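What follows is one structure encoded as structure tokens, with my remarks underneath.
Any read-out appearing in this document is the output of simple, stated calculations on the displayed coordinates, not a laboratory observation. Being a predicted model, the structure only gives us computed values, none of them experimental. When we count neighbours, we look across all protein chains shown, and the Cβ atoms used for this are built from the backbone with ideal geometry, even at glycine.
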Amino acid sequence: MSHPPSKRRSLVVETVRVIARDPYPAGQYRLSLQAPRIAERAQPGMFIHLGCDEIGQFRRPMSILGAKDGVLEILFKIVGTGTQLLSQCAVGVRLSAIGPIGTPFMPDPEATWIMAIGGGTGIPPLLFLLEKLAGLKTDQHLVFFGGSEIPFPFDTPIRRTPFPGLDEVASRSLSRLDRIGVPSALASRADLPGTYSGYVTDLFSHWLTQAKITEQDHCQVFSCGPRPLMATVQEIARRHGFGGALCLEENMACAVGGCAGCAVPIRESDGLAMRRVCVDGPVFPIDRVLFGESS
Ligand SMILES: Cc1cc2nc3c(=O)[nH]c(=O)nc-3n(C[C@H](O)[C@H](O)[C@H](O)COP(=O)(O)OP(=O)(O)OC[C@H]3O[C@@H](n4cnc5c(N)ncnc54)[C@H](O)[C@@H]3O)c2cc1C
Ligand code: FES
């Protein structure tokens, strides 16, 4: 998959209304926001910069989990002041949102396999990607692997969509993928029922071995989550010769390209370059992201 130079898309500033608020264990929340102008422009991998209360003094970046019929879905976990304020927004509250921001995932339509590996609050953009691809009804094989150390903020019944090789080690799946025929498997080190006991990257590696997937299968791997997870996915992709992309969730200030506060080193054909995660990313080709190495 080639990664075109950053193309600025038009950003919308929109007053959005909370129309559903669903709390989940361990301080996780899913909000549905009436946001017709942003929703119609949203692509998987893009995010919004969302005011966390009606006054709008804190804006925080949030990935888009879904965008349909004028409604945006987001999922977040409380980590500090902004997300704490956001968690208190009741149905009917109006918030200011800027978006959709950033470069979306651009999967290769010729790829045979699209594999998505997400951890924690990195799961939302991957579900948006798979749901969109599933709607295209192509011959591509779509699979999802999710990891969490707290209960998943989704229904996780016993899998109905077959996922050969994984029923013994990870029997539960995400119902929202199951019902559209996308196999998914879950991992946790927190003894969550029906999950693989270990890291999601180990589950992914286990499946690659079971399914005898090779470079010749034309696979693309997409990932979002904690940096150690994405670093491991990058290494697995490198070993198998898979392409794909990573979605970075760096700390941000302006989120619209003005402050360079989110810049990270990215490998380019002529060396390293500092790229802004907010507008040059958050999605970058999998082989271009640096995790700790110097070049
Ligand atoms: C493009 C993008 C998409 C995101 N999507 C989601 C999402 O879908 N769901 C979700 O729950 N979160 C998401 N995040 C992270 C979310 O924006 C932060 O958790 C949030 O800004 C924290 O704000 P706060 O005021 O609650 O906490 P703060 O008080 O700002 O921070 C609390 C603690 O969390 C750390 N922290 C803050 N932001 C980040 C970050 N991005 N990465 C690592 N540590 C951080 C701080 O250093 C601090 O230790 C995303 C971030 C980016 C950049
Ligand atoms: S956060 Fe300001 S340039 Fe990205």
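Structure summary
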item: Contour minus Cα-Cα distance for Ala263 and Glu250 (0.36 nm per residue); result: 3.8 nm
item: Cα-projected label distance for Arg189 with Glu215, points at 7 Å along beta-carbon direction, nm; result: 3.2 nm
item: By average C-beta atoms within 10 angstrom, highest first, the peptides 119-126, 59-66, 75-82, 21-28; result: 119-126, 59-66, 75-82, 21-28
item: Selection from Gly181, Ile98, Leu192, by position along the positive dipole direction of the chain (Cβ); result: Ile98
item: Ranked packing of 31-41, 83-93, most packed first, by mean Cβ within 10 Å; result: 31-41, 83-93
item: Rounded to the nearest 20 debye, dipole of the stretch 113-249 from Cβ charges on Lys, Arg, Asp, Glu; result: 180 debye
item: Expected-Rg normalisation [2.2 N^0.38 Å, Cα atoms] applied to the chain; result: 0.96
item: At least 18 Å along the helix axis (C-alpha) and Kyte average at least -0.5, DSSP helices within the chain; result: 123-136
item: For the stretch 53-119 and the stretch 120-158, distance of Cα centres in Å; result: 15 Å
item: Under 12 Å, Cβ to Cβ, from Glu268 - net charge with Lys/Arg +1 and Asp/Glu -1; result: 0
item: Fraction of the pair-distance distribution of the stretch 112-185 above 14 Å, Cα-Cα pairs, percent; result: 56 percent
item: The chain - charge dipole about Cα centre, Lys and Arg +1 at Cβ, Asp and Glu -1, debye rounded to 20; result: 660 debye
item: FRET E, pair Met274, Ile55, Förster distance 41 Å, beta-carbon r, rounded to 0.05; result: 0.80
item: Over the chain: helical MRE at 222 nm, DSSP H runs n ≥ 4 each giving -39500 (n - 2.57), nearest 500; result: -5500 deg cm²/dmol
